[in-house]
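Everything below concerns the one structure shown next.
The values are calculated or read from the model by the stated rules, or taken from the named source; none is laboratory data. What you see is a predicted model, and the numbers here were worked out from it, not measured in a lab. Remember, those area values only see protein heavy atoms, side chains included, never the ligands or the DNA or RNA. Shrake-Rupley method; radii C 1.70, N 1.55, O 1.52, S 1.80 Å.
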Amino acid sequence: MNEDNQLRDVFDAIADPTRRRLIRLLAEAEEIPLHELTAQFQMGRTAVSKHLTILKEAGMVLDRKVGRETRFRLNASPLREIQDWVAFYSKFWSTNMLRLNQLLEEEEE
């Protein structure tokens with residue numbers, strides 16, 4: 001885990017397609033109430049809330065109460081861990097493909 005002492009691993013949090021969709025919805029809006037998020041899914045409020053809790057535990061979602069309503073917003077900074085991981089392996093594969101191309105070119109000569 002990173003230095004934020006998150007309760008849940010970011011990779012675990014984004015593993016589920018429903019949570020990835022929640023992240024997308026939250027990224028497209030400044031803040032969304034729970035009832036509007038729930039309307040986007042074919043599942044109940046409790047199920048959506050459980051997914052949001054997992055994202056909150058990973059530090060990716062922030063919430064606040066406005067009267068009786070809970071509103072959610074995205075905190076994308078934990079996604080940097082995923083970006084860094086993907087960038088490392090992207091560079092790894094690019095380097096290896098370049099080496100392979102060089103070897104193939106040498107073999108053709």
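Overview of results
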{"quantity": "Single condition R8 does not satisfy, out of (1) at pLDDT below 95; (2) of a type in the set (K, R); (3) open to solvent by 70 Å² or more (accessible area, probe 1.4 Å)", "calculated": "(3)"}
{"quantity": "Subset of region 11-22 that is open to solvent by 70 Å² or more (accessible area, probe 1.4 Å) and of a type in the set (D, E, K, R) - its residue that is farthest from the chain's Cα centre (by Cα)", "calculated": "R21"}
{"quantity": "Selection within region 3-22 - part of a helix (DSSP H, G or I) and among the small types (G, A, S)", "calculated": "A13"}
